Each structure stands twice: as C-alpha cells, then as structure tokens.
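Novice: First the structure, then my questions, so here it is.
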Amino acid sequence: MKNKKMAPIGVFDSGVGGLTVAREISRQLPYENIVYFGDTARVPYGSKSQNTIIRFSEQIIRFLRTKQVKAIVIACNTASALALDAVKDEFDLPIIGVVIPGARAAVEATTNGKVGVVGTEATVQSGMYTKVIQGMNPKIEVIEKACPLFVPLVEEGFKEHIVTREIIEYYLESMRNTDIDAMILGCTHYPLLRSKIREYMGDKIQIVNPAYETAMDLKRLLEEEEMANDETTEHHSEYSFYVSDAAEKFRKFANTVMPFDVPTTNVVNIEEY
C-alpha cells in the first residue's frame, strides 16, 4: 500500500492549458508527485471529433500507465466531455475529469439560476456542461458559448495583447447582455485569461475555475481510496513533464504558469502507445 501512496498522479491535456490544473493540484496536494503530459503535437482538441479525442486519450492513458500512476486527471474539458466515460470503462484505475467539479461549483455559485459556460467548439457542441448542470438542478438555465480563439491566444503568449481584449469582447458581448450570475471557464486555458475576462464581464458575475474544484475532488478521491501520499517528512514532490512536440516552447510557457522552475520537458512519440 505504501508504494501506491507514493505513486504519482497522471495529469493530461491537449497542450499547456492543463498546467492550470497541475498548478492547483500542487497547491492543494503539496505532497503528491505529478506526471504531466501535454499533447502539443495534436493541439487543439476543441475542433476534433469525439472518436479522435477518445483515441488520443487512450494513447495518453496507456503512456501514463507506464509511469505507474495511481490516478488520472483529464485536465482538458474537451477530453473530459467527450472521452471520460469511454476511458473510465476501459481502464481499471480512478480517472476524473474537470467538467463535473466545475459544473457542481457553478450550481453552488449561482443565485438566480442562470449560468454561462465558455469553452471550445467540441465542449460546447457536446452540451456536456448543460447536461451535467441540469442533472444536478433541472431549473438552471445554461448559456454556452464557444470561444475557439482563446486557446491559440494563450498558447502564443498574447495574454496581454490588445487583440485579446477585442476577441474577449467579440465572443462575450452577447453573454454580458444576459443576466447570468456565474460563468464557468470551461477550458483549462481560460483561467490564464481570467483577469481580462473578469474585467470585461464585471464584478456581478462569479467566475468558476474548474481547476481548483478538480484538485479538491482529487483530494477527496485519494483520501477515500486511502491513496493519499502521507510521506510528508523530508519529502520533496517530484513533477515530470512530457509532451508530444515542441518541448522547449512548452517548457518556457510552463515556467510562466507553475510556481517552480520546470527544468526539463521530455518528448514522447505518443502514437506508439
């Protein structure tokens, strides 16, 4: 059992966005080791079909299994929405996604029963957030909006650029004119634009970051399964980062997101898995 507790958590995403989830896990579960995989060769997932996203997710989980992970977090809303059920049936280890924790937080946050969701094309077309939220409370009205350009803006480092403000306005104007009082950042890249989105949407809206909620769900899961790492003495958590392409670009970006230096990023030929 001891080894199981020391085993790392596998975290994966289509690219760098999932680092926002890894960052929250490192904050909320400081003793856990993490193996992170970013599918940088095949990003973005948001425009791909469900079958493709399931296949990609299976390959990545097979790779993470080789690192002896004890649980997996799908730190990608698109893969959580389209592949979670399929891979949960296929693999015999705990796998959680970011959609359910984010939806639950929004249900708790709204006072007027109107929730907005921003995400990729694939996440929004799946209607997964609406299904999950209405499963929890059928009275809640959900407005979903695809914002496909947010991911490349974040990945290319355009966070502070004037063009980002214009694109936020272009996508979110219609949502700002509704009376939603909670909004889910339904893509793990979007928290990196949170202050800009908040500025545009105004203070009356509570912005839900599923990354934090997912870390808390993971914490509960590990405690329930008695898999939490309690080797707290003299223990420095280990984090390793793998990508399918463009390691140096990923590493530079990771250093702007993670609270510690990311020294190396390893490239994996994910198609082999």
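The values are calculated or read from the model by the stated rules, or taken from the named source; none is laboratory data. Everything quoted here is computed from the prediction, not taken from an experiment. Methodologically, a virtual Cβ is constructed for each residue, glycine included, from the backbone with ideal geometry; neighbour enumeration extends over all protein chains shown. For the accessible areas, the whole protein counts, side chains as well, though only heavy atoms, and no ligand, DNA or RNA atoms are used. Shrake-Rupley method; radii C 1.70, N 1.55, O 1.52, S 1.80 Å.
Novice: Against the condition out of contact with any helix residue (DSSP H, G or I) (no Cβ under 6 Å at 6 or more places or on another chain) and either of a type outside the set (D, E, K, R) or buried (at least 21 other Cβ atoms within 10 Å of the Cβ) (or both), how does Tyr242 come out, does it pass?
Specialist: Here the answer is yes, as Tyr242 does meet what is asked.
Novice: Tell me which of these Ile74 doesn't satisfy, since it passes every other one: (1) touching a Leu at 6+ places or on another chain (Cβ under 7 Å); (2) surrounded by fewer than 21 Cβ atoms within 10 Å (Cβ to Cβ); (3) not basic (Lys, Arg).
Specialist: Going through the list (1) touching a Leu at 6+ places or on another chain (Cβ under 7 Å); (2) surrounded by fewer than 21 Cβ atoms within 10 Å (Cβ to Cβ); (3) not basic (Lys, Arg), Ile74 breaks only (2).
Novice: Next question. Return the pairs, sorted by first residue and then second, in which the second residue is of a type in the set (Asp, Glu) and surrounded by fewer than 24 Cβ atoms within 10 Å (Cβ to Cβ), the first residue lies in region 76-93 and is in contact (Cβ under 8 Å) with a residue 24 or more places away in the chain, the beta carbons are less than 9 Å apart, and the residues are 6+ apart or on different chains.
Specialist: If the second residue must be of a type in the set (Asp, Glu) and surrounded by fewer than 24 Cβ atoms within 10 Å (Cβ to Cβ), the pairs left are Thr78/Glu121; Ala83/Glu58; Ala86/Glu58; Val87/Glu58; Glu90/Glu58; Phe91/Glu58.
Novice: Taking region 130-148, which residues are within 26 Å of Tyr170 (Cα to Cα) and either of a type in the set (S, T, N, Q) or in a loop (DSSP other than H, G, I, E, B) (or both)?
Specialist: Thr130, Ile140, Cys147, Pro148, listed by residue number.
Novice: Something else about it: Within region 156-189, how many residues turn out to be buried (at least 21 other Cβ atoms within 10 Å of the Cβ), touching a residue at least 40 places away in the same chain (Cβ under 8 Å) and within 29 Å of Asp245 (Cα to Cα)?
Specialist: Residues flagged as buried (at least 21 other Cβ atoms within 10 Å of the Cβ), touching a residue at least 40 places away in the same chain (Cβ under 8 Å) and within 29 Å of Asp245 (Cα to Cα) within region 156-189 amount to 5.
Novice: Do you know which residues across region 107-143 are over 19 Å from Pro191 (Cβ atoms), open to solvent by 50 Å² or more (accessible area, probe 1.4 Å) and without any contact (Cβ under 8 Å) to a residue 24 or more places away in the chain?
Specialist: Gln125, Lys131, Gln134, Gly135, Pro138
Novice: Let me ask another. Before we move on, is Val35 more than 23 Å from Arg194 (Cα to Cα), assigned to a strand (DSSP E or B) and in the same structural domain as Lys249 (by TED's automatic domain parsing)?
Specialist: Judged against the criteria, Val35 is a match.
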